[in-house]
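The values are calculated or read from the model by the stated rules, or taken from the named source; none is laboratory data. For clarity, every value in this text was computed on a predicted model and none was experimentally measured. Cβ coordinates were reconstructed from backbone atoms using ideal geometry, including for glycine residues, and neighbour counts include every protein chain displayed.
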Amino acid sequence: MAIGSIFSLNRRGALRQLVCNNRERLYRMAFAWTHSPHLADDLVQQTILKALNNQRQLKNLAAGEAWLFRILSNCLKDHYRAKRETVSPDDVVLFDDRTPEQAAEEQLLVETVRQAVQSLPLAQRQVITLVDLEGFTYASVAEILDIPVGTVMSRLCRGRRALRELLIDARPRIEPRRSGNLKRVK
């Protein structure tokens, strides 16, 4: 077996490992951008297929995560270009050991934040989710979205400011109820 073939096999295996390690993060990001589990799953599948088919484009495996998220971003752009549709948010169901009241309050908070994020323009929503949810650096986000770092910073600033205003306006609806209203019966 030639040295080039061995290198190619190692690289292919490393790329597949990279894809496997980032599949959940890709889905989480696609869902945050679209609020549709089916569309998010389709976008992740398209991303993985394009990554595997175009693996020769990746020159540096260390930049692989950013490369995958950029492919995801491009798949989303392609989807909106082709469909020209809006996607409505889906209901989120949470399961755990909390009381129904606690779960309802948390669900209201989650839905309020998701609706606030969903109401942002797509450009701000992408930057906020990549930086604040996934922890990417400004430089990585700039590479993923193919925009200058200064644009990342300004979109992030405007998006956070808009989110703050939206959530301050929603605050009375999401304040937790106090159990101090209960009376003791002897």
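Things to note:
Quick grid of which residues meet (1) modelled with pLDDT of 90 or more; (2) under 30 Å from E165 (Cβ atoms); (3) touching a strand residue (DSSP E or B) at 6+ places or on another chain (Cβ under 9 Å):
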position: G4; (1), (2), (3): no, no, no
position: G13; (1), (2), (3): no, no, no
position: Q46; (1), (2), (3): yes, no, no
position: N53; (1), (2), (3): no, no, no
position: R56; (1), (2), (3): no, no, no
position: E85; (1), (2), (3): no, yes, no
position: A104; (1), (2), (3): no, yes, no
position: E111; (1), (2), (3): no, yes, no
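- Every pair of residues 6+ apart whose Cβ atoms lie under 7 Å, when the first sits in the range 58-78 and is at pLDDT below 90 while the second is in a helix (DSSP H, G or I) and among the aromatic types (F, W, Y): L58/W67
- The residues of the range 123-141 that are without any contact (Cβ under 8 Å) to a residue 60 or more places away in the chain and β-branched (V, I, T), listed by number, are V127, I128, V131, T137, V141.
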